[in-house]
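Encoded as structure tokens, the structure appears first; notes follow it.
The values are calculated or read from the model by the stated rules, or taken from the named source; none is laboratory data. This is a predicted model, so every value here is computed, not measured. When we count neighbours, we look across all protein chains shown, and the Cβ atoms used for this are built from the backbone with ideal geometry, even at glycine. Heads up: the accessible areas ignore ligands, DNA and RNA and are worked out on the full protein's heavy atoms, side chains in. Shrake-Rupley method; radii C 1.70, N 1.55, O 1.52, S 1.80 Å.
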Amino acid sequence: MENSQSSNRTLKLNYKNTLKIGLAFFGILMLWQVYNIYCPIILEAMLKDLNVEHYNYIIGVIMALDNVVAIIIMPIVGKLSDKTSSKLGKRMPYIIIGMLLTAIVFPFVAIMCKMNLLVGVIIAMLLFLVIMQAYRSPAVALMPDVTPKPLRSAANGIINLTGYLGGVFVTLLGFVPFFKMNSSSSLAQIQDRVLWPFIICTIILVIVLVYLIFAINENKLVEETKDDVAYGETLSENFDTIDENNKLSKKDSKNLIIILIAIFFWFMAFNSFETFGSLFFKNILNDSNLYSQMATFLSVSSILSFILFSGISTKIGRKWTIVIGLILLIIGLLGIAFVSLTIHRRSLEVSSWKIFYIAMSLIMGIGWALVNINSFPMVVEYANKNNVGKFTSYYYMASMLAQSITPIIVGLFMDFHQLGQNILFFYASSLMVIALVTFLFIKEKYTVKQRVSNAKKKSALENLGDIDN
């Protein structure tokens, strides 16, 4: 009788708690967007002022150094948080301390720029990324701690939706004329204009931190969800059962390695234009605000996709959902690459092409959402309840390693290839193709036919939260 009841059990996602957990990610993506948009511009302006040659390569090295340190820190913090037991829980102590330290350090990037201290800017950047990446792993691991495996794609969609709202807030600054910068902007103008985004977003981060301290009782959440999480283990998509020692079968180990390699390549692609996108649009298309506007549409498109397409993986599987996402990203990147090269070579007005860039941003937003919703849950699918932090760190080690390497490589290409900065989006699209080819080797437990035959018709919101078994 008990087994029969268990087999008919319904798992339902707690939207309220998932949104609260997502606020930590909101803060991370908000500051990350500020960092990616303004730091390359700061570095370029200061290096040019010092008459430094081949500054693209140097910017790439500086932007990569923090990620190298994060690769070392993240698995340590992930494992440490797995073993932590406190009144605040396993993850919340790291989240609270990390957000507090980040709020202290982050404004100094812009303050050091205002003081014209390049070494100070680099040190502040390094400290910021090390601290943020240290608490990022526990912040993301909190979701699978309290979410059953079959609901993690849906929960990850809500987490990403919340996080991208932080990114959208920053990119909206690109619509404000005061923040517009082009190839003729002086160092003094840049110093004035980059200060406010850092200060405003730090204040918001502190507000979010105060709310999280009072709103999330991690130990209570874990206790309330432990039965659902345990039941979710029986619905895992792994080929074989994972024991307490987390010894994976040959098939599951192979799948995990392929997933991590694909993650590495698509983050190499995505981070390359995240790092240099603002410089590309400032120098090649003479409009830094267009990049911010594109980032806004990409983020909004991703947010809508988290809601509208969150249930697609239950019907066609996570693998093919990600494959579709990667194809859309390749289309968007190649479109931007060819059109930008044409505009630059023929000295065309970029204003007449804004609709095209917006369209490419919308396509890429959908693609990136489909990839993001499902990739992290695919990695933590191989974890048991005792080592989610460890597998979370695997995901971020792959992504951070990519982000450590790609700024240096693409910086070299831009400095020494005949296309110069025009090579940026060709580079990114090539790596996305490699990620797609790699990911096609993934083996899924269920076929598309099995999924479709078991799927029920649901609304978009129901797809975000339900699974019936």
* Return an integer: the convex hull volume of the alpha-carbon atoms of the range 17-61, in Å³ per residue. => 61
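Pairs Lys12/Lys319; Lys83/Lys250; Lys149/Lys315; Lys90/Lys390; Lys282/Lys354: which exceed 20 Å Cα-Cα?
Working: Lys12/Lys319 23 Å; Lys83/Lys250 27 Å; Lys149/Lys315 16 Å; Lys90/Lys390 13 Å; Lys282/Lys354 14 Å.
Checking Cα-Cα distances, Lys12/Lys319; Lys83/Lys250 exceed 20 Å.
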* Structure fact -> Residue-ordered couplings for the range 22-35, obtained by feeding phi - 60° into the Karplus form 6.51 cos²θ - 1.76 cosθ + 1.60 and rounding to whole Hz (Gly and Pro as x), are x, 5, 5, 6, 4, x, 5, 5, 4, 5, 4, 5, 4, 4
* Which of Asn17, Ala45, Phe338 sits farthest toward the positive end of the charge dipole of the chain, with +1 on the Cβ of Lys and Arg and -1 on the Cβ of Asp and Glu? -> Asn17
* Using +1 at the Cβ of each Lys and Arg and -1 at the Cβ of each Asp and Glu in the chain, identify which of Gly98, Leu29, Ile158 lies farthest towards the dipole's positive end. => Ile158
* To do: Pull up all non-local amide H partners of Leu11: gap of 5 or more, or a different chain, and H-to-H distance under 5 Å with H placed in the peptide plane.
  => Ile467, Asn469
* What ranking do 129-138, 280-289 get when scored by the average of other Cβ atoms within 10 Å per residue, highest first? -> 129-138, 280-289
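How large, in percent, is the carbon and sulfur part of the accessible surface of the chain at a probe radius of 1.4 Å?
Values: 12600 of 19190 Å².
That fraction is 66 percent.
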* Structure fact -> Karplus ³J(HN,Hα) for the range 362-378 (6.51 cos²θ - 1.76 cosθ + 1.60, θ = phi - 60°; Hz, whole; x = Gly/Pro) runs 5, 4, 5, x, 4, x, 5, 5, 4, 6, 5, 4, 9, 6, 4, x, 5
* Structure fact -> For the chain, the per residue accessible area (1.4 Å probe, Å²) is 41
* Cα centroid separation - the range 290-357 against the range 14-75, whole Å -> 21
* Structure fact -> Quotient of Cα radius of gyration and Kirkwood radius for the range 82-159, i.e. Rg/Rh, equals 1.14
* Selected from Cys113, Met74, Val130, residue furthest toward positive end of dipole (the range 3-153; charges at beta carbon) -> Met74
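So how strong a dipole does the range 268-372 carry about its Cα centre when Lys and Arg Cβ are +1 and Asp and Glu Cβ are -1, to the nearest 20 debye?
Result for the range 268-372 is approximately 240 debye, rounded to the nearest 20.
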* Net dipole in debye of the range 297-433 [+1 Lys, Arg Cβ; -1 Asp, Glu Cβ; about Cα centre; nearest 20] -> 280
* To do: Scan around Gly311 for amide H atoms under 5 Å from its own, H built in the peptide plane at 1.01 Å from N, and keep only partners 5 or more places away or cross-chain.
  => none
* Asked: Roughly how many debye, to the nearest 20, is the charge dipole of the chain about its Cα centre, given +1 on each Lys and Arg Cβ, -1 on each Asp and Glu Cβ, and no other charges?
  -> 700
* Measure nothing fancy, just the Cα-based angle from helix 424-439's long axis to the longest principal axis of the chain, in degrees from 0 to 90, nearest 10. => 20
